[in-house]
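Written below as structure tokens is the structure these notes are about.
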Amino acid sequence: MSEHDNTIVCRCEDITLSELKKAINDGYRTIDEIKRVTRAGMGPCQGRCCRSLIAAELSRHYKIPMEEMPMPVFRPTVKPVKLGNFVKGEQSE
């Protein structure tokens, strides 16, 4: 185990480099697959902080240039919701 294996890769979900490496060694090859099995990239930042770190580790492991790494799928909300709907909360009748 390397001294860097305890480095946090995804701060939102508290995923370490060793957890990421384990998922990669288990055969997961894309950021989306890593996200599904570890939850990395599913926190409040939605992968803005860890996406590039995960891609770099996948690139290094599978010897794929970073430019060729498939980026994760982003799913927009199904229906736009006004922020005011959340602020008001539930209406009692």
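The values are calculated or read from the model by the stated rules, or taken from the named source; none is laboratory data. All values reported here derive from a predicted model rather than from experimental measurement. As a convention, Cβ positions derive from the backbone with ideal geometry for all residues, glycine included, and neighbour counts pool all protein chains shown. These accessible areas exclude ligands, DNA and RNA; they are computed on the full protein's heavy atoms, side chains included. Shrake-Rupley method; radii C 1.70, N 1.55, O 1.52, S 1.80 Å.
A few remarks follow.
- Against the test of being outside any helix (DSSP H, G or I), within 12 Å of the chain's Cα centre (by Cα) and of a type outside the set (D, E), the options A55, A40 yield a single qualifying residue, A40.
- Checking each residue in segment 16-42 for being open to solvent by less than 20 Å² (accessible area, probe 1.4 Å) and closer than 18 Å to H61 by Cα picks out L20, A23, I24, I31, I34, A40.
- Verdict on L53 being open to solvent by 80 Å² or more (accessible area, probe 1.4 Å) and hydrophobic (A, V, I, L, M, F, W, C): yes
- Pairing each residue of segment 49-71 that is among the small types (G, A, S) with any residue that is not in a helix (DSSP H, G or I), provided the two are 6+ apart or on different chains, yields C-beta distances under 7 Å for A55/M69; S59/P65; S59/M69.
- In summary, S2 fulfils each of the numbered conditions (1) crowded, with 16+ Cβ neighbours inside 10 Å; (2) modelled with pLDDT under 90 with the single exception of condition (1).
- Of the residues R60, R48, the single one that is surrounded by fewer than 15 Cβ atoms within 10 Å (Cβ to Cβ) and under 9 Å from the mean Cα position of the chain (by Cα) is R48.
- Candidates are the residues of segment 5-37 that are free of Cβ contacts under 8 Å to residues at least 12 places away in the same chain and part of a loop (DSSP other than H, G, I, E, B); the one that is nearest to M71 (Cα to Cα) is Y28.
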